[in-house]
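These notes are about the structure you will find just below.
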Amino acid sequence: MNIVVREAGSDDAQLLADLTRAAWAGKVNVTSSGHRETAVFVAQHLRDGGGFILLVDEKPIGSVRWLPLDAEPDVWEILRMGVLPEYRGSNLSQHLLEAVIHHGLAIGVEELRLAVRSDQPKLIDFYSAFEFELAEELEYSHANPLEPSPLVMRRTLRS
């Protein structure tokens, strides 16, 4: 199995939208906005932040994005991470998370944050293994006001 993570470019917006919807189908609550992802929305994320695509044997099977916080550009929120259902269970999503961590370290980002939906508490252990810690004092800037607030986790990259 040949695993590659590559940076997403503006021509990848439709691919990322499709990957997100396919990865989240049947996995993430239908109320999540990720199920209504569009190439226009993804292109905006890629302009403002960035993204990575996970390929296995040259086939795109997952993706992740990040956005800098408006008030704190040295803090990135990781969002929309997902892997296609047929590739789950092999810890492939760790390659996406590691890519964001390494990219953030390389360009001097201060902190990474992500949100864990209240209906997916098992992800807390997964992210904790990558040195993310619960930060109950933080609110997720992309939270859906119609749903329970997600738990925010953070990882400091520089002190």
Margin query: Being at pLDDT below 95 and of a type in the set (Lys, Arg) is the filter here; which residues of segment 1-59 pass it?
Written below: Arg21, Lys27, Arg36
Next item on the list: Could you tell me which residue of segment 45-65 is farthest from Thr20 (Cα to Cα), considering only residues that are open to solvent by 10 Å² or more (accessible area, probe 1.4 Å), hydrophobic (A, V, I, L, M, F, W, C) and under 13 Å from the mean Cα position of the chain (by Cα)?
Entry: Leu46
Notebook entry, point to check: In this structure, is Pro85 open to solvent by 80 Å² or more (accessible area, probe 1.4 Å) and modelled with pLDDT under 95?
Noted result: no
Note to self: If Trp24 meets every condition in (1) in contact with a strand residue (DSSP E or B) (Cβ under 6 Å, 6 or more places away or on another chain); (2) more than 21 Å from Tyr127 (Cα to Cα) apart from one, which number is that one?
What the structure shows: (2)
Item checked: Residue, surrounded by the fewest Cβ atoms within 10 Å (Cβ to Cβ), within segment 135-159, restricted to residues that are within 17 Å of Ser118 (Cβ to Cβ) and aliphatic (A, V, I, L, M) -> Leu146
Notebook entry, point to check: In segment 91-131, what count of residues is obtained for those that are basic (Lys, Arg) and free of Cβ contacts under 8 Å to residues at least 40 places away in the same chain?
Noted result: 1
Margin query: Can you tell me which condition Glu58 does not meet? The list is (1) farther than 24 Å from Arg155 by Cβ; (2) in contact with a helix residue (DSSP H, G or I) (Cβ under 9 Å, 6 or more places away or on another chain), and all the others hold.
Written below: (2)
Check: Quick one: would you say Gly104 is surrounded by 14 or more Cβ atoms within 10 Å (Cβ to Cβ), modelled with pLDDT of 95 or more and not aliphatic (A, V, I, L, M)?
Finding: yes
Next item on the list: Can you tell me which residue among Arg113, Arg65 is of a type outside the set (Phe, Trp, Tyr), out of contact with any helix residue (DSSP H, G or I) (no Cβ under 8 Å at 6 or more places or on another chain) and within 21 Å of Val152 (Cα to Cα)?
Entry: Arg113
Notebook entry, point to check: Residues in segment 113-125: is at least one touching a Gly at 6+ places or on another chain (Cβ under 6 Å), among the hydrophobic types (A, V, I, L, M, F, W, C) and either closer than 21 Å to Gly50 by Cβ or open to solvent by less than 80 Å² (accessible area, probe 1.4 Å) (or both)?
Noted result: no
Checklist line | Some residue of segment 71-79 being crowded, with 18+ Cβ neighbours inside 10 Å, closer than 19 Å to Arg6 by Cβ and at pLDDT 95 or above | finding: yes
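The values are calculated or read from the model by the stated rules, or taken from the named source; none is laboratory data. From a predicted model like this one, the values you see are computed outputs, not experimental measurements. Cβ: placed from backbone, ideal geometry, glycine included. Neighbour counts: every protein chain shown. For accessibility, only protein heavy atoms count, side chains too; no ligands or nucleic acids. Shrake-Rupley method; radii C 1.70, N 1.55, O 1.52, S 1.80 Å.
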